[in-house]
Amino acid sequence: MSWKTLDSKVVYDNPWITLREDRVINPGGGENDYGHIHFKKTAIGIVPLDADGNTWIVGQDRYTLGEYSWEVPMGASEEGEEPLETAHRELKEETGLTAGSMKQLMKLHTSNSITDEVGYVFVAEQLKAGETNFDEMEVLDVRKLPLEDVVAMIGRGEMTDAISVAAILRVFADQDASRAETT
């Protein structure tokens with residue numbers, strides 16, 4: 001048996017999210033309420049990577065966590081904007097970098113037990129430096145670090161954002177697999 005929605009009502013709505021409360025029959029046959037957060041924009045993360053194996057991360061104070069967070073450059077798509085277009089825009093805004101090459105690395109769901117949010121991660125290469133253009137709510141600390149140092153930050157619990165952790169570990173694993181193929 002799969003999920004069956006009996007009733008649904010919007011509890012909250014703004015330009016970013018809609019929160020619904022659904023009355024459902026779950027796969028086990030029981031009836032219960034289920035909260036569902038719908039994200040209206042697509043999450044985009046970017047791992048900038050130079051020829052020397054360095055990447056750029058951004059640090060910022062996250063209101064929802066009440067703490068400082070280290071992350072890959074990321075943002076959300078605007079209405080009608082393709083994920084690749086968003087990746088180029090967010091990379092430039094947050095790091096000042098432009099990429100000669102940008103490829104999609106992965107698609108992921110950020111917390112699929114409560115939200116339908118979809119995220120895409122891109123790898124940006126052939127990088128050129130430029131000027132940042134932070135959003136009004138952003139006060140970012142931008143750092144260029146060896147990829148291995150960022151992996152170590154994850155191991156120490158200094159980077160906890162789900163998209164960032166998945167993105168960095170995937171790029172690191174791909175590089176590790178490439179090194180293994182050449183030896």
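Rundown of residues vs (1) in contact (Cβ under 8 Å) with a residue 60 or more places away in the chain; (2) closer than 28 Å to GLU21 by Cα, yes/no style:
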site	(1), (2)
LYS107	no, yes
ASP116	yes, yes
GLU125	yes, no
GLY130	no, no
ASN133	no, no
LYS144	yes, no
LEU147	yes, no
MET159	yes, no
ALA166	yes, no
| query | For the stretch 18-114, which strands (runs of 3 or more DSSP E) that fit wholly inside it have 2 or more residues that are within 14 Å of the chain's Cα centre (by Cα) and within 26 Å of GLU136 (Cβ to Cβ)? | reply | 43-48, 54-62, 67-71, 74-76
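Taking the stretch 98-152 as the region of interest, how many residues are in contact with a His (Cβ under 9 Å, 6 or more places away or on another chain) and exposed (fewer than 15 other Cβ atoms within 10 Å of the Cβ)?
Adding up the residues that qualify gives 2.
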| said: Quick check on the stretch 70-87. Is at least one of its residues more than 19 Å from VAL118 (Cα to Cα) and at pLDDT 95 or above? | reply: yes
| task | Keeping to the stretch 1-59, report how many residues are of a type in the set (Phe, Trp, Tyr) and more than 22 Å from GLU117 (Cβ to Cβ). | result | 1
| said: Within the stretch 12-36, take every residue that is exposed (fewer than 15 other Cβ atoms within 10 Å of the Cβ) and touching a residue at least 60 places away in the same chain (Cβ under 8 Å) and give me the one that is farthest from SER111 (Cα to Cα). | reply: TRP16
| query | Which one of these is farther than 25 Å from THR98 by Cα and outside the structural domain of VAL123 (by TED's automatic domain parsing): GLU67, GLU31? | reply | GLU31
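With VAL151, VAL139 as the choices, which residue is aliphatic (A, V, I, L, M) and touching a helix residue (DSSP H, G or I) at 6+ places or on another chain (Cβ under 8 Å)?
Result: VAL151 is the single residue among VAL151, VAL139 that is aliphatic (A, V, I, L, M) and touching a helix residue (DSSP H, G or I) at 6+ places or on another chain (Cβ under 8 Å).
The values are calculated or read from the model by the stated rules, or taken from the named source; none is laboratory data. All of these numbers come straight from a predicted model, not from anything done at the bench. Cβ atoms come from the backbone with ideal geometry, glycine included; neighbour counts cover every protein chain shown.
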